[in-house]
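See structure below.
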Amino acid sequence: MMDPDSIGALLARRGVSRRALLKYSTRLAALMALPAGSAEALADGLARAKRQSVIWLSFQECTGCTESLTRSFNPTIENLIFNIISLDYHETLQAASGTAAEAARLAAMAANKGKYVVVVDGSVSTRDGGVYSTNAGHTNLEILRQTAADALAVISVGSCAAFGGIAHARPNPTGAEPVSAIITDKPLINIPGCPPLPEAMAATIAYLVSFGKIPELDHLRRPRSLFGDSIHDRCYRRPFYDRGLFARSFDDEGARQGWCLYELGCKGPVTYNACATLKWNGGVSFPIQSGHGCLGCSEPDFWDQGGFYRPLSSNTTSTGTVVAAAAVGGVALGAVSALVARRRARLARQETTP
């Protein structure tokens, strides 16, 4: 008999059918690149699980990560909050404020000790004891350590929480650090981006709820299924790159023809994310499709990597020098390919000319 407090029982009371749950799980399984047949296991896991207690902490951030999450299309934000998780604390979305809000956080920690998930967006001020970013009379550093102490896992959403973000950029006056520099004894998942893809956040939380474990991660603790491919490898402009066809300005003929934006500073070759496949606003578009190069916002220290509009080959940072070699090689190969193609076309025209 199904536990009356399980997600499955909750969905049934709200008129959600097993078929609808399977359809939903199929979408999640595809997002997480799970093996064939995983959708049913995901659905069964969600049905048996209880709503996951989530405490969301916001530190040195711009609220962009929350704004992104509220635009999640599958699962939608209301589906995520009301059916899958119990969002017990979130300064932006909760109705309570002041003393009542902080009491809700402490109550959720006590009631779900060892079982709640902490989601963090924003970097953490550490200089001078963290006094440059405080809340309810306590530093972010103190609140993070207190809240994460009895957590099941910690999820850093956005590049500020994952890698330090803009606050961590030179000269970093507040001593901003990523969550991973402070919390070292808990399972930690990074979902970077400025902001991160909403489906990446929602799907990762749903995976954790369903299977009770974290997904496979890459060397930067990012879900490999979502951050395993570069923007460049999935970009629809890649054929132009391979042919050596590059826009030289944002309004030249090449830009109008949809040519590669590498020369305009696109960081797609060294940026790993799912923007080119999931896209934004329900799959409508992503920055490169809108005519703007990738900024590399899901990579560490992207604010300090030599400028947004400088091509990788002119990047003077140590990291840029290393990554540029492969990119320049691709440009050279593409240019040669384009030259050969043009020569063949010219010879073909000459042969057909009477």
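The values are calculated or read from the model by the stated rules, or taken from the named source; none is laboratory data. Everything numeric in this text was worked out from a predicted model, so none of it was measured. We place every Cβ from the backbone using ideal geometry, glycine too, and count neighbours over all the protein chains shown.
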- prompt: For the range 106-155, which residues satisfy the criterion of being part of a strand (DSSP E or B) and free of Cβ contacts under 8 Å to residues at least 12 places away in the same chain?
  reply: THR134, HIS138
query: Could you count how many residues in the range 142-178 are β-branched (Val, Ile, Thr) and under 25 Å from PHE308 (Cβ atoms)?
result: 3
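Every residue, every condition in (1) buried (at least 19 other Cβ atoms within 10 Å of the Cβ); (2) of a type in the set (Gly, Ala, Ser); (3) not assigned by TED's automatic domain parsing to the domain that holds LEU28, yes or no:
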{"site": "ALA39", "(1), (2), (3)": "yes, yes, no"}
{"site": "ALA43", "(1), (2), (3)": "yes, yes, no"}
{"site": "THR63", "(1), (2), (3)": "no, no, yes"}
{"site": "LEU87", "(1), (2), (3)": "yes, no, yes"}
{"site": "ALA107", "(1), (2), (3)": "no, yes, yes"}
{"site": "LYS113", "(1), (2), (3)": "no, no, yes"}
{"site": "TYR116", "(1), (2), (3)": "yes, no, yes"}
{"site": "LEU141", "(1), (2), (3)": "yes, no, yes"}
{"site": "GLN146", "(1), (2), (3)": "no, no, yes"}
query: Which members of the range 168-204 meet the condition of being in a helix (DSSP H, G or I) and surrounded by 23 or more Cβ atoms within 10 Å (Cβ to Cβ)?
result: HIS168, VAL179, PRO198, GLU199, ALA200, MET201, ALA202, ALA203, THR204
message: What are the pairs with Cβ atoms under 6 angstrom where one residue, in the range 47-71, is of a type in the set (A, V, I, L, M) and the other, located anywhere, is in a loop (DSSP other than H, G, I, E, B)? Sequence gap at least six, or different chains.
response: ILE55/TYR116
- prompt: If you check THR76 against the conditions, is it surrounded by fewer than 18 Cβ atoms within 10 Å (Cβ to Cβ) and at pLDDT 90 or above?
  reply: no
statement: Residue pairs qualifying under the 9 Å Cβ cut-off, at least six apart or on distinct chains, with the first in the range 269-294 being outside the structural domain of ARG27 (by TED's automatic domain parsing) and among the charged types (D, E, K, R) and the second being modelled with pLDDT of 90 or more and crowded, with 23+ Cβ neighbours inside 10 Å, are LYS279/LEU197; LYS279/PHE286
